[in-house]
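All of the numbers you see were taken from the coordinates with simple rules; none came from a lab. Fair warning: this is a prediction, and the values are worked out from it, not measured in the lab. Note that each Cβ is placed from the backbone with ideal geometry, even for glycine, and that neighbours are counted across all protein chains shown.
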Amino acid sequence: MDTIEISNLRLRTVIGFSAHELQEPQDVVINLRIGTDRRLAGETDDPADALNYKSICKAIIALVEKSRFALVEKLAEEIAVRITVDFAAPWIEVSVKKPGALRHSDSVGIRIERCQSDYAKNLVYISLGSNISPEKNILAAIALLRRYTTLVAISPVYRTAPQGYQQQAPFLNMAAKAHTLRTPEDFKRAVIDRIERDLKRERNPANKNAPRTIDLDISLWNDSIMQFGAKPWEIPDPDIIRFAHVAVPLAALAPDYCHPVTGTTLGQIADWFEARDLELVQLDFGSPGD
């Protein structure tokens, strides 16, 4: 295997969790060793057969400079994901250092090695909804999913009528697709419940359809049919075939995904519902690294 090296890429980003670290961007120094097969480029001398280093650097710069990270581990992992998934590198070594982060030391950092098989993780589809400050809370929920998972894609946002309890504001609904190493029960506890707490979700025992700052549910998990947790929760979520506000955003993400129970695609399920029941809403989620 050949190795492409990009050395001492010095960028600035907000990284850390101490108060002084969050006040302004800090320097980070990034080194990459990208395992690849460049024999064809060596044979043809054609730039089209070579790895495009400029595109890789531009992707990393966009990720780093427009993002916030608590840990160098997360930054290194996000870089590894970009290179192995978006640029199809079979192997990568990523080094991220924070100069001056520790007294009496030049820098503190981490070095990780990843290959494509490391990202053959569980694939989870999450449904989101909000009708209390919905624009603010939907944006915040996606930002937190980016922090706590490897977010792959997000759907458009739709304004929909409330279900069950009609005396409340309309909802904003969408879906997200993510990779995770967690189990469904752990994902519910450590990601979904955590985001709902962060965004101050309050439940009304007398009205399960009451207004909420945010609501997240696991709709699909790989191609599994299962129950999990104490409730228990069901996968696939039964609401996929009951409600347009669940089916349509999921279909926008993965129209050809075959529902494990019905055998129909998400696109076909979405067609069961009236399109006029949903209104597209434009929200700015920023770049994937934000």
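Take the alpha carbon atoms of region 49-103, find their center, do the same for region 177-205, and report the distance between the two centers in whole angstrom. If you average the Cα positions of each part, the centres end up 27 Å apart. Going from the fewest other Cβ atoms within 10 Å to the most, the residues Leu32, Leu9, Leu280 appear in the order Leu280, Leu9, Leu32. For Gln163 and Gln282, the FRET efficiency from 1/(1 + (r/R0)^6), where r spans their Cβ atoms and R0 equals 30 Å, is about 0.80. Taking the C-alpha atoms only, the angle from helix 53-65 to the longest principal axis of the chain is near 60 degrees. Compared with the direct C-alpha span, the chain from Leu40 to Asp198 gains 51.8 nm at full extension, assuming 0.36 nm per residue. Rounded to the nearest 10 degrees, the angle from helix 134-148 to the longest Cα principal axis of the chain is 50 degrees. Let me know the shape class of region 142-290, please: from the alpha-carbon gyration tensor, a ≥ b ≥ c as square roots of the eigenvalues, rounded when a/c is under 1.5, otherwise prolate if a/b is greater than b/c, or oblate. Since a/c stays below 1.5, the shape of region 142-290 is classed as rounded.
Between Leu216, Thr44, Pro249, the Cα set farthest toward the positive side of the dipole of the chain (charges on each charged residue's Cβ, about the Cα centre) is that of Leu216. The angle separating the long axis of helix 72-81 from the principal Cα axis of greatest extent in the chain is about 90 degrees. I need the fraction of alpha carbon pairs in the chain separated by more than 25 Å, rounded to a whole percent. In whole percent, the long-distance tail amounts to 55. When the chain is treated as a GNM with alpha-carbon contacts under 10 Å, the residue of Arg38, Arg147, Arg159 showing the greatest mean-square fluctuation is Arg38.
Considering only the other residues whose Cβ falls under 11 Å of the Cβ of Val81, what net charge follows from Lys and Arg at +1 and Asp and Glu at -1? Taking every Cβ under 11 Å from that of Val81, the sum is 0. Which shape class applies to region 90-176: rounded if a/c is under 1.5, otherwise prolate when a/b exceeds b/c and oblate if not, where a ≥ b ≥ c are the square roots of the Cα gyration tensor eigenvalues? Because a/c hits 1.5 or more and a/b fails to exceed b/c, region 90-176 counts as oblate.
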